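The values are calculated or read from the model by the stated rules, or taken from the named source; none is laboratory data. The structure displayed is predicted, hence computed values, not measured ones. Note that we place each Cβ from the backbone using ideal geometry, even for glycine, and neighbour counts take in every protein chain shown. Just so you know, the surface numbers come from the protein's heavy atoms only, side chains and all, with ligands and any DNA or RNA stripped out. Shrake-Rupley method; radii C 1.70, N 1.55, O 1.52, S 1.80 Å.
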Amino acid sequence: MAWMQMIQSARSLLRTTTQPSSTPPSLYRFYSKPAPYAVKVGIPEFLSGIGGGVESHIAKLEAEIGDFSKLLVTRTLRLKKCGVPCKHRKLILKYSQKYRLGLWKPRADAIKA
């Protein structure tokens with residue numbers, strides 16, 4: 001019984017503290033998509049964006065894999081055959097998954113040419 005009264009009072013409180021009547025009564029989005037990323041991402045930019053010493057494998061992975069889209073779907077066994085150590089494989093796989101989901105992109109200032 002007390003719970004119902006608390007819920008009803010909270011609902012009435014929320015109704016009185018809503019936005020002005022000019023705004024539509026809908027759920028507001030608390031996130032937004034970032035602006036399109038202008039920097040072209042390739043294997044060197046991706047690996048140097050990860051950091052942690054992974055950029056030392058740029059030449060090896062460009063020779064073996066060749067394309068950035070292929071690197072994003074590469075599995076751990078192929079990276080192992082390329083001679084990439086375990087810690088670096090884990091970082092590459094972690095950040096490639098984040099990149100595919102759109103949760104991470106290498107920064108433009110992280111590129112060291």
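Observations
- Residue among 58, 92, 65 that is touching a residue at least 40 places away in the same chain (Cβ under 8 Å) and out of contact with any strand residue (DSSP E or B) (no Cβ under 6 Å at 6 or more places or on another chain): 92
- Filtered residues of region 77-110 (kept if of a type in the set (D, E, K, R) and part of a helix (DSSP H, G or I)): 78, 80, 81, 87, 89, 90, 94, 98, 100, 109
- Looking only at residues of region 64-76 that are within 21 Å of residue 40 (Cα to Cα) and either at pLDDT 95 or above or polar (S, T, N, Q) (or both), we find that the one that is most open to solvent (accessible area, probe 1.4 Å) is 69.
- Just one of (1) aliphatic (A, V, I, L, M); (2) at pLDDT below 90; (3) open to solvent by less than 100 Å² (accessible area, probe 1.4 Å) fails for residue 14. It is (3).
Listed here are the residues, each with its yes/no results for (1) open to solvent by less than 50 Å² (accessible area, probe 1.4 Å); (2) polar (S, T, N, Q); (3) within 19 Å of residue 103 (Cβ to Cβ).
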| residue | (1), (2), (3) |
| --- | --- |
| 41 | yes, no, yes |
| 47 | yes, no, yes |
| 50 | yes, no, yes |
| 54 | yes, no, yes |
| 58 | yes, no, no |
| 62 | no, no, no |
| 78 | no, no, no |
| 84 | yes, no, no |
